[in-house]
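Step one of this worksheet: look at the structure below.
The values are calculated or read from the model by the stated rules, or taken from the named source; none is laboratory data. Predicted model only: the values in this text are computed from it and were never measured. Every residue, glycine among them, receives a Cβ derived from its backbone with ideal geometry; neighbour counts consider all protein chains shown. Heavy atoms of the whole protein, side chains included, go into the accessibility calculation; ligands, DNA and RNA do not. Shrake-Rupley method; radii C 1.70, N 1.55, O 1.52, S 1.80 Å.
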Amino acid sequence: MEPVDPIHLAEPGLIVLDITAPDEATLHTAAEHLGRHWATSGTPRPHRAPGEPGVTARLYADLRRPGTTPALGSG
């Protein structure tokens, strides 16, 4: 992963999340669930590191802003 850019942490409520999951489907599901709660950078691009298990991705979130509201009857 690249170093965190200070602009992404310039104000209280901004966070950077590095997510590791066993596969891309799980990673995308986690990002979707986080996006329901907070405004996020959206679906992250997965990265596989040679010799490391699973996939990783970076997601940016703003805890001050709400995310999407799930449709009735979903998750």
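The numbered conditions (1) at pLDDT 95 or above; (2) in a strand (DSSP E or B); (3) not β-branched (V, I, T) are all true for A61 except (1).
Scanning region 9-28 for residues that are within 19 Å of G51 (Cα to Cα), assigned to a loop (DSSP other than H, G, I, E, B) and open to solvent by 70 Å² or more (accessible area, probe 1.4 Å) turns up just one, P22.
Would you mind stating whether P6 is at pLDDT below 95, out of contact with any Asp or Glu (no Cβ under 6 Å at 6 or more places or on another chain) and open to solvent by 80 Å² or more (accessible area, probe 1.4 Å)? When the stated conditions are applied, P6 passes them. Figure legend. Inter-residue proximity from region 53-68: first residues among the acidic types (D, E), second residues open to solvent by less than 70 Å² (accessible area, probe 1.4 Å), beta-carbon distance below 9 Å, spacing 6+ or different chains. Indicated pairs: D62/G13; D62/L14; D62/I15; D62/A39; D62/T40. Tell me yes or no: at least one residue of region 29-45 is part of a loop (DSSP other than H, G, I, E, B), open to solvent by less than 70 Å² (accessible area, probe 1.4 Å) and at pLDDT 95 or above. Within region 29-45 (the criterion being part of a loop (DSSP other than H, G, I, E, B), open to solvent by less than 70 Å² (accessible area, probe 1.4 Å) and at pLDDT 95 or above), the answer is no, since none of the residues qualifies. The residue that is farthest from L9 (Cα to Cα), counting only those in region 46-58 that are open to solvent by less than 50 Å² (accessible area, probe 1.4 Å) and touching a Pro at 6+ places or on another chain (Cβ under 9 Å), is G54.
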